[in-house]
1. Cβ-Cβ below 9 Å, separation at least six or inter-chain, first residue in the range 35-58 and more than 16 Å from L22 (Cα to Cα), second in a loop (DSSP other than H, G, I, E, B) and basic (K, R): which pairs?
2. Scan the range 1-33 for residues that are within 20 Å of V72 (Cβ to Cβ), of a type in the set (A, V, I, L, M, F, W, C), open to solvent by less than 60 Å² (accessible area, probe 1.4 Å) and part of a strand (DSSP E or B) and jot them down.
3. Taking the criterion of being of a type in the set (G, A, S), out of contact with any His (no Cβ under 9 Å at 6 or more places or on another chain) and outside any loop (DSSP other than H, G, I, E, B), would at least one residue in the range 34-53 satisfy it?
4. Test E75 against the criterion of being touching a Lys or Arg at 6+ places or on another chain (Cβ under 8 Å) and either surrounded by 11 or more Cβ atoms within 10 Å (Cβ to Cβ) or part of a strand (DSSP E or B) (or both), and give yes or no.
5. When only residues in the range 39-66 that are aliphatic (A, V, I, L, M) and surrounded by 11 or more Cβ atoms within 10 Å (Cβ to Cβ) count, which is modelled with the lowest pLDDT?
Amino acid sequence: MPFCFVSLGSNIAPEENFRLILQELLALSARLAVGRIICTEPVGIPSSAHFLNSVVRLQTGLAPAALKEALVAIELRLGRVRDDPLSKVKD
């Protein structure tokens, strides 16, 4: 079963969202390794909220398209609004 690497980032309630994100990812893969979580200032968006960023390595039997679908579903469950054309440049 292959390993996949997924980058994570949140600046909306980041401490809470990281906990929830990791719980969701554990449901996808019991073999989950989390990289160092770092706090960064926003770049390219007008926000004062800091980001938490990390990368995880997970092992899954999901095909790439199915994994992407599962990751998008996690984002939606946690409140991300993907249909907003400005979603990449605001909190």
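1. Within 9 Å, the pairs are I45/K90; P46/K90; S47/K90.
2. C4, V6, L8, L32
3. no
4. When the stated conditions are applied, E75 passes them.
5. I45
The values are calculated or read from the model by the stated rules, or taken from the named source; none is laboratory data. The model shown is predicted, which means the values in this text are computed figures rather than measured ones. Every residue, glycine among them, receives a Cβ derived from its backbone with ideal geometry; neighbour counts consider all protein chains shown. Just the protein is used for accessible areas: all its heavy atoms, side chains included, with ligands, DNA and RNA removed. Shrake-Rupley method; radii C 1.70, N 1.55, O 1.52, S 1.80 Å.
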